[in-house]
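Input: a single structure, listed below in structure tokens.
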Amino acid sequence: MKDTKCELVLYSPYEYTAIEKHLEKMAAEGWLIQKIGFGGWTYVYRRISPAKLHFTVSCYPQGAAFDMEIVSEEQKVFHEFCRRSGWQLACASSKVQIFYNEEENPTPIETDPRLKVDSIHRALKKSYLPSYWIIFFLFIFCGLALHPDLLRDPAALLSSPRELWRNFLLAIVLLYFPVELCRYYLWRFKAKKAAECGEFSDSLHPSAFPKMIVCLGLLGMIYKSAMVYLPEDAQLRWTILLMIAYLSVLALFILASAVRRYLRYRKAKQAGPF
């Protein structure tokens, strides 16, 4: 029987209520989160006895993705405060920290909804929001570069199976990022209105849209990758090069993440009693 498992989850940090409910459900099934994986899109769990646990997601805007310190002094103080309140740190990434509590009715860590909304926004505007806007405009530029006659002859986009699939990939990317950005700004608008009344706002109901987009994108990339050996036109070659560049950046990000974890491990080992 495996004692760990990995799960693909496409939650964003502002969807904290959905994350908390999901983790409570997993704990009831005997799985406790122990690590947030690549880009926050994967959760790694360890097996436990099924338990009724409460979770809370806290954003740490000062967190840096490549900070080699295991935890800052400010975070240590915060973690100690949480521990004394009954909240145990389950895992943390650069800007997201997840705590759990075994008490029946635990005292919340964050009691001011305005500070909650502000901390989430300050954390996301340093990573999530800029990257989404940059990628969105980058793909618009690529689309116009690949199809200079896009506005004059849109029917050309459906002229062949290759054109159809290439533009399908481009379309789902151009659809995904603005939809996710709109969902965030809609949540922030509602959360700020609720905070003015001293209330916490539940995050939007988690959508199946991100998972659907990822699955369609992977299928499209597999199809296009199979056509690498058939580059009959310049536009197809540019599409392939774009895909290779994207996958290369993805691989570098994963490598950097692995190096960061190794350096943290080395630092923790050197700081240990042995």
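The values are calculated or read from the model by the stated rules, or taken from the named source; none is laboratory data. Given the structure is predicted, the values throughout are model-derived calculations rather than measurements. No Cβ is skipped: glycine too gets one built from the backbone with ideal geometry, and neighbour counts run over all protein chains shown. Note: areas computed on protein heavy atoms with side chains; ligands, DNA, RNA excluded. Shrake-Rupley method; radii C 1.70, N 1.55, O 1.52, S 1.80 Å.
Remarks
- Karplus-derived 3J(HN,Hα) values for segment 185-191, using 6.51 cos²θ - 1.76 cosθ + 1.60 with θ = phi - 60°, are 5, 5, 4, 4, 4, 5, 5 Hz; glycine and proline are entered as x.
- For the pair residue 34 and residue 83, label points projected 7 Å from Cα toward Cβ lie 1.9 nm apart.
- Backbone phi angles across segment 117-123, fed through the Karplus curve with coefficients 6.51, -1.76 and 1.60 (θ = phi - 60°), yield HN-Hα couplings of 5, 5, 5, 5, 5, 5, 6 Hz in residue order; Gly and Pro are listed as x.
- Segment 1-61 shape via C-alpha gyration tensor axes, a/c threshold 1.5: oblate
- Cβ-Cβ distance of residue 179 and residue 49, R₀ of 45 Å, FRET efficiency by 1/(1 + (r/R0)^6): the value works out to about 0.70.
- Potential lengthening of the chain between residue 137 and residue 171 amounts to 11.0 nm, from the contour at 0.36 nm per residue minus the alpha-carbon distance.
- Sorting 107, 42 by solvent-accessible area of protein heavy atoms yields 107, 42, largest first, with a 1.4 Å probe.
- For residue 90, residues with placed amide H under 5 Å, excluding near neighbours: 98, 99, 100
- Near residue 31, the amide H atoms lying under 5 Å from its own belong to 48; only residues 5 or more places off or on other chains count, and H is placed 1.01 Å from N.
- Estimated vicinal HN-Hα couplings, Hz - segment 128-138 in sequence order (Karplus 6.51, -1.76, 1.60; Gly, Pro = x): 4, 5, x, 5, 5, 5, 5, 5, 4, 6, 5
- Near the amide H of residue 9, within less than 5 Å, lie the amide hydrogens of 42, 43, all on another chain or at least 5 residues away, with H placed in the peptide plane.
- The accessible-area ordering, largest first, of the residues 41, 87 stands as 41, 87, per a 1.4 angstrom probe.
- In the structure shown, the pairs 95/126; 21/116; 126/192; 126/193; 25/192 are assessed against 21 Å; a Cα-Cα span above that value is assigned to 126/193; 25/192.
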